[in-house]
1. With (1) open to solvent by 20 Å² or more (accessible area, probe 1.4 Å); (2) out of contact with any Leu (no Cβ under 8 Å at 6 or more places or on another chain) as the list, and Leu150 as the residue in question, which single condition is left unmet?
2. Could you look through region 101-147, keep only residues that are open to solvent by 10 Å² or more (accessible area, probe 1.4 Å) and either on the phi > 0 side of the Ramachandran plot or among the aromatic types (Phe, Trp, Tyr) (or both), and pick out the one that is nearest to ligand 2 (Cβ to nearest atom)?
3. Among the helices (runs of 4 or more DSSP H) confined wholly to region 52-152, which include 1 or more residues that are among the polar types (S, T, N, Q) and over 18 Å from Asn29 (Cα atoms)?
4. Any residue in region 149-169 that's at positive phi: show its pairings with residues that are surrounded by 16 or more Cβ atoms within 10 Å (Cβ to Cβ) at Cβ separation under 7 Å, as long as the two are six or more apart or on different chains.
5. Is it the case that region 103-110 has a residue that's more than 8 Å from ligand 1 (Cβ to nearest atom), of a type in the set (Ser, Thr, Tyr) and at pLDDT 95 or above?
6. Does at least one position in region 8-26 carry a residue that is buried (at least 17 other Cβ atoms within 10 Å of the Cβ), under 22 Å from the mean Cα position of the chain (by Cα) and part of a loop (DSSP other than H, G, I, E, B)?
7. Mind listing whichever residues of region 307-340 are basic (Lys, Arg) and either open to solvent by less than 10 Å² (accessible area, probe 1.4 Å) or farther than 16 Å from Ala272 by Cα (or both)?
Amino acid sequence: MIETKRWNIRNDETYNKQAMDQAADQIKNGHTVAFPTETVYGLGADATNEAAVAKIFEAKGRPQDNPLIAHVATVEQLRRLVDNFPPYVEKLIDVYTPGPLTFVLPSNGACAKNVTAGLSTVGVRIPDHPVAQQLLQLADVPVAAPSANLSGKPSPTNAEHVWDDLYGKIAGLLDGGSTGVGLESTVIDCTQDIPVILRPGGVTKQQLEAVVGTVMIDPGLANEKEKPKSPGMKYRHYSPEVPLLLVAGTVARMQATIDERQIKGNRVGVLASEQIARQLHHVEIRNLGSNLHEVASNLYDGLRAFKQGDVDVIICEAFSEEGIGQAVMNRLKKAASEIIR
Ligand code: TXA
Ligand code: MG
């Protein structure tokens, strides 16, 4: 058990600077600090310090073969971590950094070897969040940071989620309120002539194609028999405390599934868009919002909201896979114990 310091970095400018300095010092001294990004909270440590990075794996209970993303503040710092890359990467950097996009590029070995889990590539991202930006600038080292949740649980989208999972296991937590995008960055393999999406996320396939033309999707994402190219995607993930049923189709199908479960004596919690939520009856509902961006932003909080002891099963609407919906459904399919079509 270690003492976890919590800094509130909203509102007060002077206190903010002091808090940011303290947090950056923890990183420089080889300790772990959780911080907000525009996607989800990350658990950071100095990416050049193997012992510091090891603390991340230990706090999260993360499998050792799952590499971490190195976070940097500037494009110049990004270049210091990688070898030569294809020209299209420059275009993506121009348009989508800072932002929710992680580039998998040939590593030049600057990061500690447990960051890349022994791979010849490294994932690098420039987050678009003032707190993350300031922390990276002050720490002045690349910061390895997975999502700041216990391995297997939904990623944290506010400081409470991080506190629930990691209190006593990390040196500090910068509380910067709720994150915006709500789902993790898009991970894109940029080591070949055509970029390949390894994990759908905050930047959509259409947005990437608008800049570089053809973008492929790792076949391992859609096809259960194929091994995903991104080590992290093979794990079951994002699990809520109770089983989750993902229901495709009409409102009537959802209501029937709810009724069936309640007749069995199950306490049911529902996650649905505002449009669907309005039409369901006799059940506790968390409204995830009226468009796919709101659903993405509220999804992980929704998954964490229904606790064991309060409900026996979560019934969740299956959303459109258009745009950001692709990332929403990728996470929900992994979270689901059953998909009802
Ligand atoms: O939005 C995000 O990406 C957040 C915030 C904190 O930046 N981070 C995040 O990290 O989601 P994590 O560790 O939870 O997910 C990183 C994913 C994993 O699936 C991992 O396997 C993959 O990126 N990854 C990292 N480095 C890789 C590499 N060199 N090659 C292939 N996949 C890689
Ligand atoms: Mg994660």
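1. (2)
2. Ala117
3. On the way: elements: 75-79, 88-96, 130-139.
Once the helices (runs of 4 or more DSSP H) in region 52-152 are filtered for at least 1 residues that are among the polar types (S, T, N, Q) and over 18 Å from Asn29 (Cα atoms), what remains is 75-79, 130-139.
4. That search, which allows pairs on different chains as well, returns Gly152/His237; Gly152/Ser239; Gly168/Thr4.
5. no
6. Looking for residues that are buried (at least 17 other Cβ atoms within 10 Å of the Cβ), under 22 Å from the mean Cα position of the chain (by Cα) and part of a loop (DSSP other than H, G, I, E, B), one finds at least one in region 8-26, hence yes.
7. Narrowing region 307-340 to residues basic (Lys, Arg): 307, 331, 333-334.
Of everything in region 307-340, those that are basic (Lys, Arg) and either open to solvent by less than 10 Å² (accessible area, probe 1.4 Å) or farther than 16 Å from Ala272 by Cα (or both) turn out to be Lys307, Arg331, Lys334.
Here is a yes/no grid of residues against (1) of a type outside the set (D, E, K, R); (2) more than 9 Å from ligand 1 (Cβ to nearest atom); (3) farther than 30 Å from Asn84 by Cβ; (4) in the same structural domain as Gly289 (by TED's automatic domain parsing):
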residue: Asn114; (1), (2), (3), (4): yes, yes, no, no
residue: Ile126; (1), (2), (3), (4): yes, yes, no, no
residue: Pro130; (1), (2), (3), (4): yes, yes, yes, no
residue: Ala145; (1), (2), (3), (4): yes, no, no, no
residue: Glu160; (1), (2), (3), (4): no, yes, yes, no
residue: Leu166; (1), (2), (3), (4): yes, yes, yes, no
residue: Lys169; (1), (2), (3), (4): no, yes, yes, no
residue: Asp175; (1), (2), (3), (4): no, yes, yes, no
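The values are calculated or read from the model by the stated rules, or taken from the named source; none is laboratory data. Everything numeric here is computed off the predicted structure, so don't read it as measured data. All Cβ positions, glycine included, derive from the backbone under ideal geometry; neighbour counts span all protein chains shown. For accessibility, only protein heavy atoms count, side chains too; no ligands or nucleic acids. Shrake-Rupley method; radii C 1.70, N 1.55, O 1.52, S 1.80 Å.
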